[in-house]
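Chemist: Could you have a look at this structure, given as C-alpha coordinates, before my questions?
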Amino acid sequence: MNSEQALPAVKKGRIIDFSITKAAFEGKGLGKVGEFAIFVKHTAPGDLIRARIIRKKKKFAEGILLELLEPSSLRVEPLCRHAGVCGGCNWQHISYEQELLFKQEHVQDHFRRIGGFEDLVAEEALGAPEPYYYRNKMEYSFGDRRWLTGEEITSEREIENKDFALGLHVPGRYDRILNLEECHLQIPVSFEIMDALRSYALEHHIPPYNTHKHEGFLRNVIIRTTVHTDDLMVNLVTASESPEIIDPLFGWLKKTFPGITTAIHTVNATRSPSSDGHPFTVRWGPGFIEE
(Lines give C-alpha, C1' and ligand atoms only; values in the text may rest on other atoms or scores of the structure.)
Protein backbone atom coordinates (compact mmCIF):
# COMPACT_ATOMS: atom_id res chain seq x y z
CA MET A 1 0.00 0.00 0.00
CA ASN A 2 1.51 3.35 -0.97
CA SER A 3 0.95 6.66 0.81
CA GLU A 4 -1.48 7.93 -1.83
CA GLN A 5 -3.73 4.93 -1.21
CA ALA A 6 -3.37 5.13 2.59
CA LEU A 7 -3.97 8.83 3.16
CA PRO A 8 -7.70 8.85 2.26
CA ALA A 9 -8.33 6.02 4.76
CA VAL A 10 -6.91 8.04 7.65
CA LYS A 11 -9.60 10.51 8.59
CA LYS A 12 -11.44 11.41 11.77
CA GLY A 13 -13.97 8.79 12.80
CA ARG A 14 -12.51 6.03 10.59
CA ILE A 15 -11.84 2.64 12.24
CA ILE A 16 -8.57 1.08 11.07
CA ASP A 17 -6.63 -2.11 11.83
CA PHE A 18 -2.85 -1.71 11.88
CA SER A 19 0.32 -2.73 13.73
CA ILE A 20 2.21 -0.71 16.32
CA THR A 21 5.88 -0.61 15.39
CA LYS A 22 7.44 1.88 17.80
CA ALA A 23 7.04 3.30 21.30
CA ALA A 24 6.33 7.03 21.46
CA PHE A 25 5.89 9.32 24.47
CA GLU A 26 3.45 9.05 27.39
CA GLY A 27 2.54 5.42 26.81
CA LYS A 28 1.61 5.94 23.17
CA GLY A 29 2.48 3.52 20.41
CA LEU A 30 3.26 4.56 16.86
CA GLY A 31 1.98 2.73 13.80
CA LYS A 32 1.82 3.62 10.14
CA VAL A 33 -0.78 3.25 7.45
CA GLY A 34 1.30 3.73 4.34
CA GLU A 35 3.59 6.59 5.35
CA PHE A 36 0.99 8.18 7.61
CA ALA A 37 1.89 8.04 11.32
CA ILE A 38 -0.82 7.23 13.89
CA PHE A 39 -0.32 7.53 17.65
CA VAL A 40 -2.46 5.44 20.02
CA LYS A 41 -2.26 5.43 23.82
CA HIS A 42 -1.76 2.26 25.87
CA THR A 43 -0.27 0.27 23.00
CA ALA A 44 3.10 -1.43 22.56
CA PRO A 45 5.39 -2.30 19.65
CA GLY A 46 4.20 -5.60 18.23
CA ASP A 47 0.50 -5.01 18.95
CA LEU A 48 -2.01 -5.52 16.15
CA ILE A 49 -4.84 -3.17 17.04
CA ARG A 50 -8.17 -1.79 15.93
CA ALA A 51 -8.39 1.95 16.55
CA ARG A 52 -10.70 4.86 15.83
CA ILE A 53 -9.11 8.04 14.49
CA ILE A 54 -10.04 10.92 16.78
CA ARG A 55 -7.72 13.63 15.48
CA LYS A 56 -5.96 14.17 12.18
CA LYS A 57 -3.19 16.61 11.38
CA LYS A 58 -1.26 17.17 8.17
CA LYS A 59 1.44 14.58 8.87
CA PHE A 60 0.05 12.43 11.68
CA ALA A 61 -3.12 11.32 13.43
CA GLU A 62 -4.19 10.19 16.90
CA GLY A 63 -6.47 7.28 17.64
CA ILE A 64 -8.07 5.49 20.57
CA LEU A 65 -7.67 1.78 21.12
CA LEU A 66 -10.89 -0.11 20.44
CA GLU A 67 -9.64 -3.68 20.38
CA LEU A 68 -6.35 -5.50 20.86
CA LEU A 69 -6.41 -7.98 17.97
CA GLU A 70 -3.01 -9.55 18.68
CA PRO A 71 -1.05 -8.54 21.80
CA SER A 72 2.64 -7.80 21.70
CA SER A 73 5.07 -10.15 23.45
CA LEU A 74 6.28 -7.05 25.33
CA ARG A 75 3.01 -6.69 27.22
CA VAL A 76 2.64 -7.45 30.93
CA GLU A 77 -0.40 -7.50 33.20
CA PRO A 78 -0.81 -4.01 34.77
CA LEU A 79 -0.62 -3.85 38.54
CA CYS A 80 -3.56 -1.42 38.74
CA ARG A 81 -7.10 -2.06 37.50
CA HIS A 82 -7.30 1.56 36.33
CA ALA A 83 -4.35 1.33 33.94
CA GLY A 84 -5.54 2.31 30.49
CA VAL A 85 -8.17 4.73 31.82
CA CYS A 86 -6.46 6.79 34.51
CA GLY A 87 -3.99 9.53 33.63
CA GLY A 88 -1.72 8.72 36.57
CA CYS A 89 0.32 5.98 34.87
CA ASN A 90 1.13 5.55 31.19
CA TRP A 91 3.36 2.49 30.94
CA GLN A 92 1.90 -0.17 33.24
CA HIS A 93 1.20 -2.44 30.26
CA ILE A 94 4.98 -2.69 29.70
CA SER A 95 7.63 -4.02 32.09
CA TYR A 96 9.64 -1.34 33.86
CA GLU A 97 12.85 -2.62 32.28
CA GLN A 98 11.32 -2.22 28.82
CA GLU A 99 10.04 1.24 29.69
CA LEU A 100 13.60 2.31 30.54
CA LEU A 101 14.82 1.02 27.18
CA PHE A 102 12.11 2.97 25.37
CA LYS A 103 13.06 6.17 27.20
CA GLN A 104 16.72 5.65 26.35
CA GLU A 105 15.72 5.30 22.70
CA HIS A 106 13.68 8.51 22.94
CA VAL A 107 16.69 10.47 24.20
CA GLN A 108 18.92 9.08 21.47
CA ASP A 109 16.30 9.75 18.80
CA HIS A 110 15.94 13.39 19.87
CA PHE A 111 19.67 14.06 19.73
CA ARG A 112 19.99 12.40 16.35
CA ARG A 113 16.78 13.49 14.61
CA ILE A 114 16.44 16.99 16.08
CA GLY A 115 20.00 17.80 17.15
CA GLY A 116 21.81 16.16 14.25
CA PHE A 117 24.26 14.21 16.44
CA GLU A 118 24.55 11.11 14.26
CA ASP A 119 27.24 9.34 16.30
CA LEU A 120 25.77 9.94 19.73
CA VAL A 121 25.01 6.87 21.83
CA ALA A 122 22.74 7.56 24.81
CA GLU A 123 23.71 6.17 28.19
CA GLU A 124 21.41 3.63 29.82
CA ALA A 125 18.44 5.17 31.60
CA LEU A 126 18.81 4.98 35.37
CA GLY A 127 15.82 3.23 36.87
CA ALA A 128 14.19 4.07 40.17
CA PRO A 129 14.75 1.60 43.03
CA GLU A 130 10.97 1.29 43.36
CA PRO A 131 8.76 1.94 40.31
CA TYR A 132 5.64 2.08 42.50
CA TYR A 133 4.74 4.01 45.66
CA TYR A 134 7.39 6.64 44.89
CA ARG A 135 5.47 9.93 44.79
CA ASN A 136 5.63 12.30 47.75
CA LYS A 137 2.50 14.21 46.75
CA MET A 138 -0.92 13.23 45.43
CA GLU A 139 -3.79 15.60 44.74
CA TYR A 140 -7.13 13.83 44.48
CA SER A 141 -10.26 15.60 43.25
CA PHE A 142 -13.89 15.35 44.33
CA GLY A 143 -16.63 15.64 41.75
CA ASP A 144 -20.28 14.90 41.04
CA ARG A 145 -19.58 13.89 37.42
CA ARG A 146 -18.13 10.42 37.82
CA TRP A 147 -16.44 8.89 34.79
CA LEU A 148 -17.81 5.43 34.04
CA THR A 149 -15.42 2.98 32.44
CA GLY A 150 -16.37 0.91 29.42
CA GLU A 151 -16.60 -2.14 31.67
CA GLU A 152 -19.03 -0.37 34.03
CA ILE A 153 -21.17 0.86 31.14
CA THR A 154 -21.51 -2.56 29.54
CA SER A 155 -22.02 -4.46 32.79
CA GLU A 156 -25.52 -5.22 33.99
CA ARG A 157 -24.78 -4.38 37.62
CA GLU A 158 -26.14 -1.19 39.11
CA ILE A 159 -23.53 1.52 39.64
CA GLU A 160 -23.81 3.03 43.11
CA ASN A 161 -23.12 6.70 43.88
CA LYS A 162 -22.78 7.78 40.25
CA ASP A 163 -23.04 11.41 41.37
CA PHE A 164 -20.03 11.21 43.71
CA ALA A 165 -16.41 10.51 42.81
CA LEU A 166 -13.03 10.94 44.44
CA GLY A 167 -9.91 10.22 42.45
CA LEU A 168 -8.09 11.64 39.45
CA HIS A 169 -9.23 13.58 36.42
CA VAL A 170 -9.71 11.54 33.27
CA PRO A 171 -7.09 12.71 30.73
CA GLY A 172 -8.43 15.62 28.73
CA ARG A 173 -11.51 16.12 30.93
CA TYR A 174 -11.34 18.78 33.63
CA ASP A 175 -14.88 17.97 34.81
CA ARG A 176 -14.83 14.17 34.93
CA ILE A 177 -13.37 12.21 37.85
CA LEU A 178 -12.32 8.57 37.77
CA ASN A 179 -13.44 7.09 41.09
CA LEU A 180 -10.26 5.33 42.22
CA GLU A 181 -10.54 1.90 43.78
CA GLU A 182 -6.78 1.55 44.13
CA CYS A 183 -3.64 3.58 43.46
CA HIS A 184 0.03 2.54 43.59
CA LEU A 185 1.70 5.92 43.07
CA GLN A 186 2.05 6.96 46.70
CA ILE A 187 2.54 4.86 49.85
CA PRO A 188 -0.55 2.79 50.75
CA VAL A 189 -1.70 5.04 53.60
CA SER A 190 -2.37 7.76 51.02
CA PHE A 191 -5.06 5.71 49.32
CA GLU A 192 -6.40 4.56 52.69
CA ILE A 193 -6.93 8.18 53.75
CA MET A 194 -8.55 9.05 50.42
CA ASP A 195 -10.84 6.03 50.53
CA ALA A 196 -11.87 6.72 54.13
CA LEU A 197 -12.65 10.36 53.30
CA ARG A 198 -14.87 9.22 50.45
CA SER A 199 -16.79 6.88 52.76
CA TYR A 200 -17.13 9.59 55.40
CA ALA A 201 -18.46 12.09 52.85
CA LEU A 202 -21.00 9.63 51.48
CA GLU A 203 -22.14 8.59 54.96
CA HIS A 204 -22.59 12.21 56.06
CA HIS A 205 -24.06 13.41 52.73
CA ILE A 206 -21.36 16.03 52.12
CA PRO A 207 -21.70 17.16 48.49
CA PRO A 208 -18.75 17.19 46.07
CA TYR A 209 -17.95 20.28 44.05
CA ASN A 210 -19.46 20.83 40.59
CA THR A 211 -17.14 22.79 38.29
CA HIS A 212 -19.93 23.85 35.93
CA LYS A 213 -22.43 25.11 38.48
CA HIS A 214 -19.81 26.32 41.00
CA GLU A 215 -21.74 24.47 43.69
CA GLY A 216 -20.92 21.83 46.27
CA PHE A 217 -18.42 21.65 49.12
CA LEU A 218 -15.56 19.11 48.80
CA ARG A 219 -12.97 20.01 46.15
CA ASN A 220 -9.61 18.29 46.72
CA VAL A 221 -7.56 16.33 49.19
CA ILE A 222 -3.78 16.72 48.95
CA ILE A 223 -1.55 14.20 50.70
CA ARG A 224 2.19 14.75 51.18
CA THR A 225 4.53 12.10 52.55
CA THR A 226 8.24 11.84 53.34
CA VAL A 227 10.97 9.22 52.98
CA HIS A 228 13.48 10.12 55.70
CA THR A 229 11.01 11.14 58.42
CA ASP A 230 7.56 9.96 59.48
CA ASP A 231 5.87 13.24 58.57
CA LEU A 232 2.50 13.06 56.82
CA MET A 233 0.39 16.03 55.73
CA VAL A 234 -3.26 16.10 54.67
CA ASN A 235 -4.68 19.26 53.11
CA LEU A 236 -8.44 19.24 52.56
CA VAL A 237 -9.68 21.85 50.08
CA THR A 238 -13.33 22.95 50.26
CA ALA A 239 -15.45 25.62 48.60
CA SER A 240 -16.39 27.38 51.86
CA GLU A 241 -15.60 27.51 55.58
CA SER A 242 -18.65 25.63 56.98
CA PRO A 243 -17.27 24.80 60.45
CA GLU A 244 -20.34 22.66 61.19
CA ILE A 245 -19.02 20.23 58.56
CA ILE A 246 -15.28 20.76 58.88
CA ASP A 247 -14.88 20.54 62.67
CA PRO A 248 -16.33 17.03 63.07
CA LEU A 249 -14.63 15.89 59.85
CA PHE A 250 -11.15 16.85 61.07
CA GLY A 251 -11.93 15.39 64.48
CA TRP A 252 -12.79 12.08 62.84
CA LEU A 253 -9.70 12.26 60.60
CA LYS A 254 -7.33 12.81 63.54
CA LYS A 255 -8.84 9.92 65.47
CA THR A 256 -8.92 7.54 62.50
CA PHE A 257 -5.40 8.31 61.21
CA PRO A 258 -3.18 9.24 64.18
CA GLY A 259 -0.15 9.03 61.87
CA ILE A 260 -1.11 12.35 60.23
CA THR A 261 1.44 14.78 61.68
CA THR A 262 -0.18 17.93 60.34
CA ALA A 263 -3.56 18.77 58.80
CA ILE A 264 -4.62 21.84 56.86
CA HIS A 265 -7.97 23.18 55.71
CA THR A 266 -7.85 25.31 52.54
CA VAL A 267 -10.85 27.29 51.30
CA ASN A 268 -11.02 27.84 47.54
CA ALA A 269 -14.18 29.86 46.94
CA THR A 270 -13.21 30.72 43.35
CA ARG A 271 -13.86 28.90 40.09
CA SER A 272 -10.16 28.24 39.69
CA PRO A 273 -9.28 24.53 39.96
CA SER A 274 -5.89 25.35 41.48
CA SER A 275 -5.62 24.68 45.20
CA ASP A 276 -2.65 27.05 45.63
CA GLY A 277 -2.80 30.61 46.91
CA HIS A 278 -6.07 30.38 48.85
CA PRO A 279 -6.74 31.03 52.57
CA PHE A 280 -5.91 28.10 54.82
CA THR A 281 -6.03 27.10 58.46
CA VAL A 282 -3.68 24.68 60.21
CA ARG A 283 -5.89 22.28 62.12
CA TRP A 284 -3.07 20.56 63.99
CA GLY A 285 0.67 20.09 63.76
CA PRO A 286 3.18 22.67 62.47
CA GLY A 287 1.53 23.16 59.06
CA PHE A 288 4.52 21.77 57.18
CA ILE A 289 6.52 18.56 56.82
CA GLU A 290 10.30 18.06 57.02
CA GLU A 291 12.28 15.72 54.77
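Chemist: Taking the highest mean first, how do the peptides 39-50, 16-27 order by number of other beta carbon atoms within 10 angstrom per residue? Walk me through the numbers before you get to the answer.
Modeler: On the way: 39-50: 20.8, 16-27: 17.6.
Most protected by this proxy first, the peptides run 39-50, 16-27.
Chemist: So what's the angle, to the nearest 10 degrees on a 0 to 90 scale, between helix 96-109 and the longest Cα principal axis of the chain?
Modeler: Taking Cα atoms only, the helix is inclined about 60 degrees.
Chemist: Just how large is the dipole of region 218-291 about the Cα centre, in debye to the nearest 20, putting +1 at every Lys and Arg Cβ and -1 at every Asp and Glu Cβ? Mind dumping the intermediate values first?
Modeler: On the way: 6 positive and 8 negative charges, 46 e Å.
So the magnitude is around 220 debye.
Chemist: A follow-up question, please. Calculate how steeply helix 188-203 sits against the longest principal axis of the alpha-carbon atoms of the chain, using the helix alpha-carbon long axis, and give the answer as 0 to 90 degrees to the nearest 10.
Modeler: 60 degrees
Chemist: Would you kindly work out the equivalent ellipsoid of region 6-148 from its C-alpha gyration tensor and give its semi-axes, the square roots of five times the eigenvalues, largest first in whole Å?
Modeler: Working: eigenvalues 128, 114, 44 Å².
The answer is 25, 24, 15 Å, longest axis first.
Chemist: Roughly how big is the chain's charge dipole about its Cα centre, with Cβ charges of +1 (Lys, Arg) and -1 (Asp, Glu), in debye to the nearest 20? Don't skip to the end; give the middle numbers.
Modeler: On the way: 35 positive and 41 negative charges, 279 e Å.
My answer is approximately 1340 debye.
Chemist: Report the local net charge at T226: Lys and Arg +1, Asp and Glu -1, summed over other residues whose C-beta lies under 9 Å from its C-beta.
Modeler: Numbers: positive: R224; negative: D230, D231, E290, E291.
Net charge in that neighbourhood comes out at -3.
Chemist: Ok, one more. Under 16 Å Cα to Cα from K59, which lysines show up? Leave out anything in the same chain fewer than 8 places away.
Modeler: Within the straight-line limit of under 16 Å, K59 reaches these lysines: K11, K12, K32.
Chemist: Per DSSP helix of 4 or more residues, -39500 (n - 2.57); summed, then divided by the residues of the chain. What does that give at 222 nm, rounded to the nearest 500?
Modeler: Values: 5 runs with 53 residues, N = 291.
Mean residue ellipticity at 222 nm (helix-derived): -5500 deg cm²/dmol.
Chemist: If you don't mind, there's one more thing I want to ask. Take peptides 136-142, 253-259, 62-68 and line them up by average Cβ neighbours within 10 Å, highest first, as a rough protection proxy.
Modeler: Answer by packing, highest mean first, reads 136-142, 62-68, 253-259.
Chemist: Suppose every Lys and Arg Cβ carries +1 and every Asp and Glu Cβ carries -1, with no other charges. What dipole size does region 1-124 come out with about its Cα centre, to the nearest 20 debye? Walk me through the numbers on the way to the answer.
Modeler: Working: 19 positive and 17 negative charges, 194 e Å.
Once rounded to the nearest 20, the dipole reads 940 debye.
Chemist: Quick one: which of 117-123, 52-58 comes out on top by average Cβ neighbours within 10 Å, and what's the full order, highest first?
Modeler: Working: 117-123: 10.3, 52-58: 12.6.
Result, highest mean first: 52-58, 117-123.
Chemist: Here is a further query. Local charge sum around I206 (other residues, Cβ-Cβ under 12 Å, Lys/Arg +1, Asp/Glu -1)?
Modeler: Surrounding charge for I206 is -1.
Chemist: I've got another one for you. Calculate, in nm to one decimal, what A122 and K12 gain on full extension: separation in residues at 0.36 nm each, minus their alpha carbon distance.
Modeler: Numbers: separation 110, 0.36 × 110 = 39.60 nm, distance 3.68 nm.
Here the segment from A122 to K12 would lengthen by 35.9 nm.
Chemist: Any idea which of L185, Y174, P208 is furthest toward the positive side of the dipole for region 168-212, if Lys and Arg beta-carbons carry +1 and Asp and Glu beta-carbons -1?
Modeler: Result: Y174, furthest along the dipole toward the positive end.
Chemist: Under 18 Å Cα-Cα from K254, which aspartates and glutamates qualify once same-chain neighbours fewer than 8 residues away are excluded?
Modeler: Answer for K254, where 18 Å is the Cα cut-off: E192, D195, E203, D230, D231, E244, listed by chain and number.
Chemist: Continuing with the same structure: For region 13-132, with the dipole built from +1 on Lys and Arg beta-carbon atoms and -1 on Asp and Glu ones, taken about the Cα centre, which of G34, L68, G115 lies farthest toward the positive end?
Modeler: G34
Chemist: Can you give the extra length, in nm with one decimal, that the chain gains between F111 and T270 once fully stretched, where that is 0.36 nm per residue apart less the Cα-Cα distance?
Modeler: 52.9 nm
Chemist: Pull up the cross-link candidates among the lysines for K213, meaning alpha carbon to alpha carbon under 24 Å and not fewer than 8 places away within one chain.
Modeler: K162
Chemist: OK, next. Using heavy-atom solvent-accessible surface (probe 1.4 Å) with all chains present, what is the largest-first order of L232, L79?
Modeler: Numbers: L232 15, L79 80 Å².
Result of the area sort, largest leading: L79, L232.
The values are calculated or read from the model by the stated rules, or taken from the named source; none is laboratory data. Keep in mind that what you see is a predicted model, and the values were worked out from it rather than measured. Neighbour counts run over all protein chains shown; Cβ positions are idealised from the backbone, glycine included. Areas reflect the complete protein model, heavy atoms only, side chains present, ligands, DNA and RNA absent. Shrake-Rupley method; radii C 1.70, N 1.55, O 1.52, S 1.80 Å.
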